[in-house]
1. Working only within the stretch 173-197, note down all residues that are touching a residue at least 24 places away in the same chain (Cβ under 8 Å) and assigned to a loop (DSSP other than H, G, I, E, B).
2. Yes or no: the stretch 147-160 includes at least one residue that is in a helix (DSSP H, G or I) and of a type in the set (Ser, Thr, Tyr).
3. Anything in the stretch 126-166 that is among the polar types (S, T, N, Q) and buried (at least 20 other Cβ atoms within 10 Å of the Cβ)? List them, or say none.
4. If you scan the stretch 114-141, which residues turn out to be more than 12 Å from VAL199 (Cα to Cα) and in contact with a His (Cβ under 7 Å, 6 or more places away or on another chain)?
Amino acid sequence: MRTGFGTVDTPIFVMGLSRTDLTQEFFIHDEHRARWEANRDAVERRGWTVRAVRATDEIEEVFCAVVEDSHSFALDGNILTGNCHHNYVAEETYDGVDLLVTRKGAIRAGSGDLGIIPGSMGTGSYIVRGLGNTASFESASHGAGRRMSRTKARKTFTAADLAAQTAGVECRKDTGVVDEIPAAYKDIETVIKAQTDLVEVVAHLKQVVCVKG
């Protein structure tokens, strides 16, 4: 994967990339955990923060390593990311029977599998670890889930409502994404509590930037 920025005249936002309040559970590899603990003071001192996004001709390669048998991958530099697709078919075996398991709006939650369960534009996301519950075919919810259709949300709420419900989050706040307003989704904390037999919570993340569309 190759990354780079286009032409930007002024700073856009401040985003912390690595914080001292992370825990070892964020890192899959033992050597990454050890490196994190050894360098916590340096992280605190340097801040590891993007202060501005400006025009550049530089392109940086980012290397990803797949973590075998974990349905996850780690970016070089200790950034943990879940390979958390939620609309797919997989060949799996349960009770000795080979099956085609279709996960539609669901993630795999096999024993030890790391996953991401998002809430909405304003409520953050949960990093979870699967418990391998075969009664659910080792699956868990993909997200909070809608409690209101997109059409009803557009008829019920305004751009001002969206701005109020996403206060503190840098994101689109126009009529084009009103159907994504937090009130149109179920309460993420209630959803997580309803599946404690499927996953365990590793961390609760509160976003500062949400990219939609």
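Every number in this text was worked out from the coordinates using simple rules, so none of it is lab data. Note that the structure is predicted; figures quoted are calculated from it, not measured. Because the Cβ atoms are built from the backbone with ideal geometry, glycine has one as well, and the counts that use them run over all protein chains shown.
1. Scanning the stretch 173-197 gives ILE181, LYS186, ASP187, GLN195, ASP197.
2. So in the stretch 147-160, the residues in a helix (DSSP H, G or I) come out as 150-156, 159-160.
Filter once more, keeping what is of a type in the set (Ser, Thr, Tyr): 151, 156.
Yes, the stretch 147-160 contains at least one residue that is in a helix (DSSP H, G or I) and of a type in the set (Ser, Thr, Tyr).
3. Filtering the stretch 126-166 down to residues among the polar types (S, T, N, Q) leaves 133-134, 136, 139, 141, 149, 151, 156, 158, 165-166.
The answer is SER139, SER141, THR166.
4. Of everything in the stretch 114-141, just one residue is more than 12 Å from VAL199 (Cα to Cα) and in contact with a His (Cβ under 7 Å, 6 or more places away or on another chain), namely GLY124.
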